[in-house]
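Enquirer: One structure, as structure tokens, below. Some questions next.
The values are calculated or read from the model by the stated rules, or taken from the named source; none is laboratory data. The structure presented is a predicted model; accordingly, all values stated were derived computationally and were not measured. All Cβ positions, even for glycine, are placed from backbone atoms using ideal geometry, and neighbour counts span all protein chains on display.
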Amino acid sequence: MLLDIVQNTLDGLAIGSAYGLLAIGFTLIFGVMRRLNIAFGPSIMVGIFAGAWLHSQWSAGMIPVFLATLAGAVLASAYVERISFAAIRGDAALASMASSFAIWMQLEEAVVHVFPGRTYAFPTLQTIPMLEIGPVFLRPEYLAMFLTAAALILLLQWILTRTRFGLEVRTLADNPEAARVSGVNVAQVAFLTFLLAAVIGGVAGFLIAATDGQITPKIGLWATMKGLIAMVIGGLGSLRGALIGGLVLGVVEAQAQWFLGAAGREIVTYTLLFLALVMLPSGLAGRADAGARTEALRRL
Amino acid sequence: MDFYFGLLQIFGVHTLLGLSAYVVLLTGQVSMAQAGFYAIGAYAAGACTAMFGMHILPAVLIAGLLTAVVACVVGFPALRVKGLMLVVATLAFGEMVRLFFFNLTWQVERGGEMVGPNGAEGFRSIRYFPENGWEIWQVTGFIWIIVAVIMVALWWVDRTRAGAVLRAVGHDETAAQSIGLNLTAVKVGAMTAGGFIAGIGGGIYAHTVTHIEHGVFGVLLATFAIAYPILGGLGSIFGTLIAVLFIQGFLIEGLRFMGDWRSLLFGALIVLAMNLRPTGLLGEHAPRLSQLFGRKTNDHDKSLELKEAE
């Protein structure tokens, strides 16, 4: 019993780190755009299918597949940004949301059209043997997932706090008007942030696909939902919150899956999410006062 | 000819779905729970006629009222959160409803066979219309009479003080509160009205397709529901109607000849429409909802946003 809980927590933390990456991608986009991008998951899906295509055509190894996944996700995201965000003026948040919904339909249809089958194989890391630490098992894919996510988050932290681009992103997230006045090229920084988010989402998508070993076009909607949920659990506008939200979501799902089965897992997840939102409207990393969001944005 | 009647029926139920989201959106709330409400209405009305042998009219009315009660109960906690948090909270609620029906098995014996919701199988044989000998044009007429009644009611409400109150809350919550409006009452009221309309729409939908299952009421339907009023604009209820005709009629049916590539053009046209009319097709006097996804408006931000918009 106790051992099960420990085991589930470990598995949950691994998958949760991928959720955390998705949530961080969402947070970056939301931070600079203040608009919801429903097509974030579907653009990651395009990347994953690009990787799977490379794998099935030339049985490419892990690294080319990884690069193809990132490239696909970045290209699809650039398309989304140009069409649904750059082209629509900043205060029409709902128009961008409806527009990114339409792009989601487009991307999904395009992928289904090019890949008519139901599921496709994705290369996995299963050649590495299972690790045993005492009575607890650690799947190598999970370990790789966790370490990659951690490395990427450290890199992102470095970019945001140590580079000029990072400073511009933070300025833009803090106050768009002040950023513009102080000479930040707002449109360009927003575009690059969008692409950065796509890279992070692409890595998360690659890790998840490489763990499961098979993919369907449904993964687009799935990734949007998980990222959105993790971001909101953690509290809007905070990268640390997004990561924590992802880890919490992963652990809760793993426990519920073990004790209640697949259907129970979904119900428990959504019920907890609803309760968490209603009881802690500013998320795990936020504070209840009105200044919390500004504060959170400053920390970004 | 039956095909066109079938199409009209789809327009009818989707108009109800869109209007239910429209009412909630008027107060500035983006609700993704409408598909969940629609599901509750569908199962409730199906149960009334197929399991208990009721007439269609009270069945649809019961479905609407039941859904309104659920929407009211959900509205109180859900509307404590705003903007994106509300989107996700209502999304979670919608999925909870869908999963509830996924797991619900409740059958009674009627006329020698078991009828009722049967988990993942769905709820089969809601055959009120064929059993009672309704012609397809009668069914279509019935649906559009209900749609017309609801549209006239909404149009009338929009011209009274209640409509102004809803719009005031949608424009600027702080200002609305400062002139003494009770925000909670207005928002929960709009949610309840939205739930009532969605419940009726769902109830009718269940009877036109005769077989409902949980998968229909997912995130996709919820997104369609909110896309109608966004695309149509909040200027008038006819915006939603036009958006339904545009999406369901032109984009989904009209482009069918394009086969597999339909969705690509579908997406492109919606994007084009949103680019040309960011506040919707009929949105000239629509409230600006920039504050929805932005920061909580304080004076400083507000002035900036207004400047940007000019």
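Enquirer: Would you point out the residue of the range A:164-188, among those that are under 19 Å from A:Arg240 (Cα atoms) and among the β-branched types (Val, Ile, Thr), that is nearest to the other protein chains (Cβ to nearest Cβ)?
Expert: Here the answer is A:Thr171.
Enquirer: Regarding A:Met130, is this residue among the hydrophobic types (A, V, I, L, M, F, W, C), within 27 Å of A:Ile15 (Cβ to Cβ) and either touching a His at 6+ places or on another chain (Cβ under 7 Å) or surrounded by fewer than 16 Cβ atoms within 10 Å (Cβ to Cβ) (or both)?
Expert: Values: among the hydrophobic types (A, V, I, L, M, F, W, C): yes; within 27 Å of A:Ile15 (Cβ to Cβ): yes; either touching a His at 6+ places or on another chain (Cβ under 7 Å) or surrounded by fewer than 16 Cβ atoms within 10 Å (Cβ to Cβ) (or both): yes.
So A:Met130 fits the description; yes.
Residue-by-condition table, conditions (1) exposed (fewer than 15 other Cβ atoms within 10 Å of the Cβ); (2) outside any helix (DSSP H, G or I); (3) under 16 Å from the mean Cα position of the chain (by Cα); (4) in contact (Cβ under 8 Å) with a residue 12 or more places away in the chain:
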site	(1), (2), (3), (4)
A:Ala144	no, no, no, yes
A:Ala149	no, no, yes, yes
A:Leu152	no, no, yes, yes
A:Gln188	yes, no, no, no
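Enquirer: Another question about this same structure. So how many residues does the range A:58-84 have that are surrounded by 16 or more Cβ atoms within 10 Å (Cβ to Cβ) and within 11 Å of chain B (Cβ to nearest Cβ)?
Expert: Total meeting the criteria: 4.
Enquirer: While we're here: Within the range A:129-142, can one find any residue that is modelled with pLDDT of 85 or more and of a type in the set (Val, Ile, Thr)?
Expert: Within the range A:129-142, none of the residues are modelled with pLDDT of 85 or more and of a type in the set (Val, Ile, Thr).
Enquirer: While we're here: Any residue in the range B:148-160 that is over 21 Å from the mean Cα position of the chain (by Cα), surrounded by fewer than 17 Cβ atoms within 10 Å (Cβ to Cβ) and aliphatic (A, V, I, L, M)?
Expert: Scanning the range B:148-160 turns up no residue that is over 21 Å from the mean Cα position of the chain (by Cα), surrounded by fewer than 17 Cβ atoms within 10 Å (Cβ to Cβ) and aliphatic (A, V, I, L, M).
Enquirer: Restricting attention to the range B:70-87, which residues are without any contact (Cβ under 8 Å) to a residue 40 or more places away in the chain and more than 9 Å from every other protein chain (Cβ to nearest Cβ)?
Expert: Looking only at the range B:70-87, we keep the residues that are without any contact (Cβ under 8 Å) to a residue 40 or more places away in the chain, and these are B:73, B:77, B:80-81, B:85.
Matches in the range B:70-87: B:Val73 only.
Enquirer: Give me the residue from the range A:104-120 that is of a type in the set (D, E, K, R) and in a helix (DSSP H, G or I) and, out of that set, farthest from the other protein chains (Cβ to nearest Cβ).
Expert: The first filter runs over the range A:104-120 and keeps only residues of a type in the set (D, E, K, R), leaving A:108-109, A:118.
Now narrow it down to the ones that are in a helix (DSSP H, G or I): A:108-109.
Details: A:Glu108: 7, A:Glu109: 3 Å.
Filtering the range A:104-120 for residues that are of a type in the set (D, E, K, R) and in a helix (DSSP H, G or I), the one farthest from the other protein chains (Cβ to nearest Cβ) comes out as A:Glu108.
Enquirer: In addition: Here is a list: A:Thr294, A:Thr269. Which entry is surrounded by fewer than 24 Cβ atoms within 10 Å (Cβ to Cβ), at pLDDT below 80, hydroxyl-bearing (Ser, Thr, Tyr) and not in a loop (DSSP other than H, G, I, E, B)? Spell out how you get there, then give the answer.
Expert: On the way: A:Thr269 fails: at pLDDT below 80.
When all the criteria are applied, what remains is A:Thr294.
Every residue, every condition in (1) at pLDDT 75 or above; (2) part of a helix (DSSP H, G or I); (3) closer than 13 Å to B:Ile230 by Cα, yes or no:
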| residue | (1), (2), (3) |
| --- | --- |
| B:Phe257 | no, yes, no |
| B:Arg262 | no, yes, no |
| B:Asn275 | yes, yes, yes |
| B:His285 | no, no, no |
| B:Lys296 | no, no, no |
| B:Lys307 | no, yes, no |
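Enquirer: Right, here's the next one. Out of all the residues in the range A:22-51, which are more than 23 Å from A:Val111 (Cα to Cα) and away from chain B (no Cβ under 13 Å)? Can you show your working first?
Expert: Here is the first cut: in the range A:22-51, the ones more than 23 Å from A:Val111 (Cα to Cα) are A:23-24, A:27-35.
Correct list: A:Ile24, A:Leu28.
Enquirer: Now a separate question. In the range A:258-271, how many residues are touching a residue at least 12 places away in the same chain (Cβ under 8 Å) and either under 14 Å from B:Asn103 (Cβ atoms) or under 21 Å from the mean Cα position of the chain (by Cα) (or both)?
Expert: Number of matching residues: 3.
Enquirer: Looking only at the range B:88-137, which residues are closer than 19 Å to B:Phe52 by Cβ and within 14 Å of chain A (Cβ to nearest Cβ)?
Expert: Within the range B:88-137, B:Phe101, B:Leu104, B:Thr105 meet the criteria.
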